[in-house]
1. Checking the conditions here, which among Gln221, Gln200, Gln164, Gln189 is within 16 Å of ligand 3 (Cβ to nearest atom) and over 18 Å from the mean Cα position of the chain (by Cα)?
2. Among all residue pairs at least 6 apart or on different chains, which show Cβ distances below 9 Å where the first residue, located in the stretch 60-77, is within 16 Å of Cys125 (Cβ to Cβ) and the second is within 15 Å of ligand 3 (Cβ to nearest atom) and of a type in the set (Phe, Trp, Tyr)?
3. What are the residues in the stretch 173-189 that are in contact with a helix residue (DSSP H, G or I) (Cβ under 8 Å, 6 or more places away or on another chain) and among the basic types (Lys, Arg), if any?
4. Residue check: is Thr151 out of contact with any Leu (no Cβ under 9 Å at 6 or more places or on another chain), within 17 Å of Thr64 (Cβ to Cβ) and within 14 Å of ligand 3 (Cβ to nearest atom)?
5. Among the listed residues Asn239, Asn186, identify the single one that is assigned to a loop (DSSP other than H, G, I, E, B) and either touching a Leu at 6+ places or on another chain (Cβ under 6 Å) or within 19 Å of Asn94 (Cα to Cα) (or both).
6. Here are Gln33, Gln87: which of them is surrounded by fewer than 16 Cβ atoms within 10 Å (Cβ to Cβ), more than 16 Å from ligand 1 (Cβ to nearest atom), assigned to a loop (DSSP other than H, G, I, E, B) and modelled with pLDDT of 85 or more?
7. Sort out which residues of the stretch 69-97 are more than 14 Å from ligand 3 (Cβ to nearest atom) and out of contact with any helix residue (DSSP H, G or I) (no Cβ under 6 Å at 6 or more places or on another chain), and write them in order of number.
8. Taking the stretch 46-83, which residues are within 16 Å of ligand 1 (Cβ to nearest atom), at pLDDT 80 or above and in a helix (DSSP H, G or I)?
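The values are calculated or read from the model by the stated rules, or taken from the named source; none is laboratory data. Everything numeric here is computed off the predicted structure, so don't read it as measured data. Note that we place each Cβ from the backbone using ideal geometry, even for glycine, and neighbour counts take in every protein chain shown.
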Amino acid sequence: MYTSIIFSTIFIFFCINNVLTIHCPKSSAKWCQNKEIAQICGVTEQCKKFVWKIHDGNDKVNFTLYYETLCPDCRYFMTTQFSKTYQTIPNIINITIVPYGNAHETYDPTTKLYQFVCQHGADECLGNLIHTCVLNFYPTIEQYMPFVNCTESTSGDVKTVATQCAEKTKIDFNKIDACTKSTLGNQLQHMYAVQTESLQPPHKYVPWITVNGKHTEEMQQEAERNLIKLICKFYKGPNPPAECKKYL
Ligand SMILES: *[C@@H]1O[C@H](CO)[C@@H](O)[C@H](O)[C@H]1NC(C)=O
Ligand SMILES: *[C@@H]1O[C@H](CO)[C@@H](O)[C@H](O)[C@H]1NC(C)=O
Ligand SMILES: *[C@@H]1O[C@H](CO)[C@@H](O)[C@H](O)[C@H]1NC(C)=O
């Protein structure tokens, strides 16, 4: 009876002691052996990145495109370099698009709404607002990209094109149309105005790009020439995609 209590006490002690005595191995070759050891050695992030090669998403290059819907250079950029980059290296780029560009806004205290004046007229303001509403209701790039690309690659009456593109790309146009006439749509467009107007340096033209929040003339030119190359050069994470290998 006593012996069994003593033995089980020793056994329990042994087990607890064993758990407590895992410590960081001297040899760094063993640090990434498993999650527990990596954690004890304080090298989880390094193991993830260099040994286990796990993408946790934080390595993606942030890319933001400031544009307006009817500008010919924006249309060209979006349907060529930009669309190709999204199709080729989606795993290493985090895309944000901001439809506003060279527009201007004023606040009307009577209606409590913003009024917009756009470079290519009222049609462009409607186009920007349609994109703004689509981005709100279809926020993932997989959802909004087919519509955005369709409208940018099709000329014609803005509302007609949007209606046709919506039909082709599973966007509920009634919902979008209602949004463009609502306070919500007006507020959302204002948010993009604020985002565009707070750019540093301020944008001088469109399309205007930032990579990880920065803009230089050199980056802009590279983006228009070869956006895949530019994004690959900024990518510092594990497992660069095959398409990047030639630029590294
Ligand atoms: C992607 O960009 C958006 C907008 O800037 C940001 O909120 C989000 O955290 C970014 N995601 C990653 C994984 O970098
Ligand atoms: C991208 O933006 C997100 C959110 O602002 C940030 O957490 C992340 O570190 C950025 N990625 C790079 C590569 O700078
Ligand atoms: C965008 O449209 C262009 C021209 O129609 C097409 O070549 C390209 O594949 C499209 N891209 C996407 C992402 O749908």
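1. Values: Gln221 fails: within 16 Å of ligand 3 (Cβ to nearest atom); Gln200 fails: within 16 Å of ligand 3 (Cβ to nearest atom); Gln189 fails: within 16 Å of ligand 3 (Cβ to nearest atom).
Of Gln221, Gln200, Gln164, Gln189, the one residue that is within 16 Å of ligand 3 (Cβ to nearest atom) and over 18 Å from the mean Cα position of the chain (by Cα) is Gln164.
2. Note: pairs meeting the criteria are Tyr67/Phe77; Cys74/Tyr67.
3. If the condition is that a residue be in contact with a helix residue (DSSP H, G or I) (Cβ under 8 Å, 6 or more places away or on another chain) and among the basic types (Lys, Arg), then Lys175 is the only one that fits.
4. Details: out of contact with any Leu (no Cβ under 9 Å at 6 or more places or on another chain): yes; within 17 Å of Thr64 (Cβ to Cβ): no; within 14 Å of ligand 3 (Cβ to nearest atom): yes.
Answer is no for this residue.
5. Sole residue among the options that is assigned to a loop (DSSP other than H, G, I, E, B) and either touching a Leu at 6+ places or on another chain (Cβ under 6 Å) or within 19 Å of Asn94 (Cα to Cα) (or both): Asn239.
6. Gln33
7. Going residue by residue through the stretch 69-97, those that are more than 14 Å from ligand 3 (Cβ to nearest atom) are 69-73, 91-92, 94, 96.
Cys71, Pro72, Asp73, Asn91, Ile92, Asn94, Thr96 - these are the residues of the stretch 69-97 that are more than 14 Å from ligand 3 (Cβ to nearest atom) and out of contact with any helix residue (DSSP H, G or I) (no Cβ under 6 Å at 6 or more places or on another chain).
8. Correct list: Phe82 only.
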